[in-house]
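Worksheet: the structure to be examined is printed underneath.
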Number of protein chains: 2
Amino acid sequence: MCVFNPAATLFQGKRLLLIRVAEKAIAERGCIASPVLDLEAGEVRIHQFRLDDPKLNYTDPRFFTYKHQIYLTSLSHFRVATSEDGQHFSIGAEPVLYPETAYETYGIEDARITQLEGRYYINYSAVSERGVVTVLAETADFKSFQRRGIIFAPDNKDCALFPEKINGRYQVLHRPAVVHAGQASIWTASSENLLDWGHHRFVAGPRSAHWDCERIGAGSPPIKTSQGWLTFYHGCNHQSRYCLGLLLLDLEKPWQVIRRSRQPFFSPEASYECEGFMPEVVFHNGTIDLGQGQLEIYYGATDRVTCAARVSLDDLLASLES
Amino acid sequence: MCVFNPAATLFQGKRLLLIRVAEKAIAERGCIASPVLDLEAGEVRIHQFRLDDPKLNYTDPRFFTYKHQIYLTSLSHFRVATSEDGQHFSIGAEPVLYPETAYETYGIEDARITQLEGRYYINYSAVSERGVVTVLAETADFKSFQRRGIIFAPDNKDCALFPEKINGRYQVLHRPAVVHAGQASIWTASSENLLDWGHHRFVAGPRSAHWDCERIGAGSPPIKTSQGWLTFYHGCNHQSRYCLGLLLLDLEKPWQVIRRSRQPFFSPEASYECEGFMPEVVFHNGTIDLGQGQLEIYYGATDRVTCAARVSLDDLLASLES
């Protein structure tokens, strides 16, 4: 149905994407379908709901509710895509990570890859009827993955693990959910062992009357520069138009924002970014650093397709000068 | 304004409560007021809003919104109350813990006390415009307290720290917030050092068509029995009627529920539990174990007053047999 929101890294000299593949079940006539992992049966079960059932509430293409329980219209997993040139990709015939725990019955979504101390760490959003948690996994070869467990309780997504320790501790950006006061914002936490996290601090939130007034979340892992940690983030307005912005975070105190994009550095403009499953959405969680200050940005458009853009580190930093 | 939701412990042979005191600011004529800690000024500032301002939205006695930003109608802090008999209390003239950080500008609420390895650990909800986080503090004398930091990112409240390690790790019950799927439920996490938390697992959630169908959260720290960890929790229905129930959790795997109250063991019945600031609310976060299987339960009623009840451990465990 949709192939989008890839994590990205260089691996064995090639570009490697960990792409989110969303599969939709075929609905019976007059019905809407939801694919859900059935843990006992060990397979995905297709739930069918009649569209004329008054207990069904369906207003968003991504999900619906039935008797106040939420169901997704698709189930996501991850596949690997590799490329020599960043334009022509070979996509794996089989999933490399597929939902398999009680916390993943509605799917796994939006991975980030961080190369850290010679290993590849993956974090992703695991979705179930219990909420959205962040899972940490590890791989050496992008063929077999080891789940290390839930690192943030629900709801938490948009985690970006820094590629090195700061002040002797691992550091991450994360996006917890608020229901009482505040808005969906970027926080940071640190850890001694990558599994237990503490020292939570607020980093940045939405800005009223801006393009990022509704909610924000971190993109791919921050890139170290002499000026600070260059950090990609997505933000949306009250109409759910998603654009990309930048934060420059202090090298030693990454909860301190040195500079922030006034305007997005990247916005939906092309037809495939403006029209599709979720119109007017660009969402970015994968960057490849080609060296010499050249970056490739991989991103999802309208929650439907995977796209790429090239940009120089200098241009990004310069965009923060104003 | 209100004195409620106390934490409780035995200290130096006396009952000691850490009570939440909610102070309301005097509103100017035709206005509603919100007391907020002003960090730069180092004092509480009273914000006044005209009741006839169309940008004001005021439907709940606890809070209102102005231009989509939330404000509380009171600011809470903690005082110590001590008693020889559990009926006559001497209340401290001064706060022992008062809002003082950027995460506490809207107040500090609903403490729990856990005696662990010879120390007293306090956790509480810190509220600000950034959300509700859980803070861990420590004290030896209930006069001076040391804040140890935020242990759970927003929104998270209703944390109950177990009084001993389980499988070599500290263990806690917590209540994260969900906005996408699921309902407010009890989760557990564990830690090596009390500050960094991981290994999150779901414990129990609301039950449809029950008294606890809307949301649940843990009460005072679990009590070890030969049958399991006896765990108090509060739950409410869709009308926000709060009652108290029990979980019996596995001694070694505290995310496994052995038994659970079908009916509440305690419900609003007395006039001071049914009528008040928030009608039909009993909320419990303090238990004193008097020995010989006798417990004193301290609880808040209608978010307004502090009450006590006596019960035997055997009766509580027997209530779970059915």
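Condition check: more than 14 Å from every other protein chain (Cβ to nearest Cβ), open to solvent by 60 Å² or more (accessible area, probe 1.4 Å) and in contact with a strand residue (DSSP E or B) (Cβ under 8 Å, 6 or more places away or on another chain). Does A:Tyr98 satisfy that? Yes. Taking the criterion of being outside any loop (DSSP other than H, G, I, E, B), within 20 Å of B:Ser76 (Cβ to Cβ) and open to solvent by 20 Å² or more (accessible area, probe 1.4 Å), the residues of the range B:1-20 that qualify are B:Val3, B:Arg20. Counting the residues of the range A:101-125 that are within 14 Å of another protein chain (Cβ to nearest Cβ) and surrounded by fewer than 20 Cβ atoms within 10 Å (Cβ to Cβ) gives 2. For the range B:21-30, enumerate the residues that are at pLDDT 95 or above and buried (at least 18 other Cβ atoms within 10 Å of the Cβ). Within the range B:21-30, B:Val21, B:Ala22 qualify.
Got at least one residue in the range A:195-204 being more than 30 Å from B:Ser190 (Cα to Cα), surrounded by fewer than 18 Cβ atoms within 10 Å (Cβ to Cβ) and within 13 Å of another protein chain (Cβ to nearest Cβ)? Checking the range A:195-204: not a single residue is more than 30 Å from B:Ser190 (Cα to Cα), surrounded by fewer than 18 Cβ atoms within 10 Å (Cβ to Cβ) and within 13 Å of another protein chain (Cβ to nearest Cβ).
Looking at B:Ser191, B:Ser128, just one residue is out of contact with any strand residue (DSSP E or B) (no Cβ under 7 Å at 6 or more places or on another chain) and within 11 Å of chain A (Cβ to nearest Cβ), and that residue is B:Ser128.
For A:Lys143, the conditions (1) assigned to a strand (DSSP E or B); (2) more than 17 Å from the chain's Cα centre (by Cα) are fulfilled apart from (1). Among the residues making up the range B:205-234, those that are open to solvent by less than 10 Å² (accessible area, probe 1.4 Å), closer than 19 Å to B:Glu321 by Cβ and hydroxyl-bearing (Ser, Thr, Tyr) are B:Thr231, B:Tyr233.
Just checking: which of the strands (runs of 3 or more DSSP E) contained wholly in the range B:219-312 hold 1 or more residues that are at pLDDT 95 or above and in contact with a helix residue (DSSP H, G or I) (Cβ under 7 Å, 6 or more places away or on another chain)?
Those strands (runs of 3 or more DSSP E) span B:223-225, B:228-236, B:242-249, B:282-291, B:294-301, B:305-312.
The set of residues in the range A:137-170 that are within 12 Å of another protein chain (Cβ to nearest Cβ), closer than 28 Å to A:Glu214 by Cα and touching a residue at least 40 places away in the same chain (Cβ under 8 Å) comprises A:Ile150, A:Ile151, A:Phe152, A:Lys157, A:Cys159.
The values are calculated or read from the model by the stated rules, or taken from the named source; none is laboratory data. These numbers were taken from a predicted model, which means no experiment stands behind them. All Cβ positions, glycine included, derive from the backbone under ideal geometry; neighbour counts span all protein chains shown. For the accessible areas, the whole protein counts, side chains as well, though only heavy atoms, and no ligand, DNA or RNA atoms are used. Shrake-Rupley method; radii C 1.70, N 1.55, O 1.52, S 1.80 Å.
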